[in-house]
Amino acid sequence: MPLPSEIAGRPRSALASLALAAALAACTGSSTLEPPAGTPYVRGPVESIASRAAAARLLVRAGPGSREPCGISASADAGTRYLRRTPAGELEGAGLSDVQVGDTVEVYVEGPVAESCPVQARASAVVLVSEAAP
């Protein structure tokens, strides 16, 4: 026996609402504003930035809070996340164009690390640190 159209429309409506809620959750994506797992490999001032096409290389001198005393020559690519820590300690989105020589950053790495001085690795995330941030 067929269902009345008003009853038959409910499952489709619920399914559409569920799909819309999932799509909105994906768009707001709070995960992009979460800090990377673990601790930063290097925290310190940016000494130089060399960029070409979709890649960049950041030379960061080690400062207090670094695991690596020699600093890092970090390669950044389209998969590198850029974040900014506000004075209140919250994270907001940023981009490579926001990073300037002299800024204090935290560099998180992913993959192999070439043991040199400075070390060389791929940056999974670069967090700009506000001077007043904790």
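We did not get these values from a lab; they are worked out from the coordinates using the rules stated. None of the values given here were measured: they were computed from a predicted structure. We place every Cβ from the backbone using ideal geometry, glycine too, and count neighbours over all the protein chains shown.
Could you calculate the FRET efficiency of Gln120 with Ala37 from 1/(1 + (r/R0)^6), where r is the beta carbon distance between them and R0 is 22 Å, rounded to 0.05? Kindly include the intermediate steps, with their values, before the conclusion.
Details: r = 21 Å, r/R0 = 0.96.
According to the calculation, E is roughly 0.55.
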By its C-alpha gyration tensor, with a ≥ b ≥ c as the square roots of the eigenvalues, how is region 45-134 shaped: rounded for a/c under 1.5, else prolate for a/b larger than b/c, else oblate?
-> oblate
Sorted on mean Cβ neighbours within 10 Å (highest first), peptides 88-101, 37-50 come out as 37-50, 88-101
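Would you mind calculating the gained length between Gln100 and Thr86 on full extension (0.36 nm times residue separation, minus the Cα-Cα distance), in nm to one decimal?
Numbers: separation 14, 0.36 × 14 = 5.04 nm, distance 1.63 nm.
Residue separation times 0.36 nm, minus the Cα-Cα distance, leaves 3.4 nm.
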What Kirkwood radius, in Å to one decimal, follows from the Cα pairs of region 52-101?
-> 12.5
Alpha carbon convex hull of region 82-134, volume per residue in cubic angstrom | 92
